[in-house]
1. Could you check region 175-193 and list, in sequence order, the residues that are out of contact with any Phe, Trp or Tyr (no Cβ under 9 Å at 6 or more places or on another chain), more than 18 Å from VAL95 (Cα to Cα) and in a helix (DSSP H, G or I)?
2. Report every pair of residues separated by at least 6 positions or lying on different chains whose Cβ atoms are under 7 Å apart, first residue within region 47-61 and farther than 14 Å from GLN122 by Cα and touching a residue at least 12 places away in the same chain (Cβ under 8 Å), second outside any loop (DSSP other than H, G, I, E, B) and aromatic (Phe, Trp, Tyr).
3. Is one or more of the residues making up region 90-100 within 21 Å of ALA25 (Cα to Cα), surrounded by fewer than 20 Cβ atoms within 10 Å (Cβ to Cβ) and of a type in the set (S, T, N, Q)?
4. Please work out which residue is nearest to the chain's Cα centre (by Cα), limiting yourself to region 7-37 and to residues that are of a type in the set (Asp, Glu) and at pLDDT below 95.
5. Restricting to region 143-152, name every residue that is touching a residue at least 40 places away in the same chain (Cβ under 8 Å) and assigned to a loop (DSSP other than H, G, I, E, B).
6. Return the only residue of ALA98, ALA105, ALA133, ALA140 being closer than 21 Å to VAL199 by Cβ, in a loop (DSSP other than H, G, I, E, B) and aliphatic (A, V, I, L, M).
7. Could you count how many residues in region 111-129 are at pLDDT below 90 and either within 10 Å of the chain's Cα centre (by Cα) or under 17 Å from LEU182 (Cα atoms) (or both)?
8. For the structure I just gave you, tell me whether VAL95 is under 26 Å from LYS40 (Cα atoms), of a type in the set (Val, Ile, Thr) and touching a residue at least 24 places away in the same chain (Cβ under 8 Å).
Amino acid sequence: MASNRVQSQPVRVVLTDLNSAVVDAWHAAFADTPEIEIRKGSILDVKTDAWVNPTNSRGRMDGGADAAIKRHLGAGIQLRVQRAIRDGFGGSLPVGSAVCVPSGAVDPKFLIPTPTMEGSSQNISETLNVALACAAAFQAVHQQNRKAPGSIGSVALVGMGARTGRVSARVCANLMWTGYTLFNDHAFADYDDLRSTVVAQLDDIEAAPVTERVRIDPARKGAGRR
């Protein structure tokens, strides 16, 4: 595995959503991680160094949080996102990958688009896409901080896949917890390694109760469930 134990400064993480069910599910899933800030409200009102926006593989910001962020930051943000996807991924960003682009604003300084789906408004409720997208977004934070140490000291995320992706609030929260714990534990050299690790250890998650959370350990084959 091309992964490394994380040794950088802690990053402040804010989870925010307008959906009360998602917020309640976060409180349950993250009950033993008090360092996480959970609030009900729009991501547009959160002052952090970076915002994470669930998107599609082409970076079309035409719905949900994507559209709200584009209205807030201006149409140029979509051009920067799509340019980064073109330059880094040949125009299509795989699920389980992310890009980090300058926002053109002070708060946030960066936008981190990560696809939860290939197209727009796909049903991803029977997939691992939320865990893949969340883990990829956090790895993008690691990558940016490796390039410019301390440039992202805080990041805000919304409920991934819980709206257009039709993922239940509880499953969304549990899979985002998986992505967060992986962020705390490991930084991967590339997204291919991240995707293969997540998929290998979560491929049987459908057989587990929806209340069950899974901590990924890249050092071994199996996943430790809690």
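1. THR181, ASP185
2. ASP49/PHE110; ALA50/PHE110
3. In the first step, residues of region 90-100 are kept if they are within 21 Å of ALA25 (Cα to Cα); the result is none.
So far as region 90-100 goes, no, none of its residues is within 21 Å of ALA25 (Cα to Cα), surrounded by fewer than 20 Cβ atoms within 10 Å (Cβ to Cβ) and of a type in the set (S, T, N, Q).
4. Across region 7-37, the extreme among qualifying residues is GLU35.
5. PRO149, GLY150, SER151, ILE152
6. Numbers: ALA105 fails: closer than 21 Å to VAL199 by Cβ; ALA133 fails: in a loop (DSSP other than H, G, I, E, B); ALA140 fails: in a loop (DSSP other than H, G, I, E, B).
So the residue among ALA98, ALA105, ALA133, ALA140 that is closer than 21 Å to VAL199 by Cβ, in a loop (DSSP other than H, G, I, E, B) and aliphatic (A, V, I, L, M) is ALA98.
7. First, pick out the residues of region 111-129 that are at pLDDT below 90: 116-129.
Within this subset, residues satisfying the condition of being either within 10 Å of the chain's Cα centre (by Cα) or under 17 Å from LEU182 (Cα atoms) (or both) are 116, 128-129.
Residues in region 111-129 being at pLDDT below 90 and either within 10 Å of the chain's Cα centre (by Cα) or under 17 Å from LEU182 (Cα atoms) (or both): 3 in total.
8. Details: under 26 Å from LYS40 (Cα atoms): no; of a type in the set (Val, Ile, Thr): yes; touching a residue at least 24 places away in the same chain (Cβ under 8 Å): yes.
For VAL95, the condition - under 26 Å from LYS40 (Cα atoms), of a type in the set (Val, Ile, Thr) and touching a residue at least 24 places away in the same chain (Cβ under 8 Å) - is not met.
The values are calculated or read from the model by the stated rules, or taken from the named source; none is laboratory data. Everything numeric here is computed off the predicted structure, so don't read it as measured data. So basically every Cβ, Gly included, is an ideal-geometry build from the backbone, and we count neighbours across all protein chains shown.
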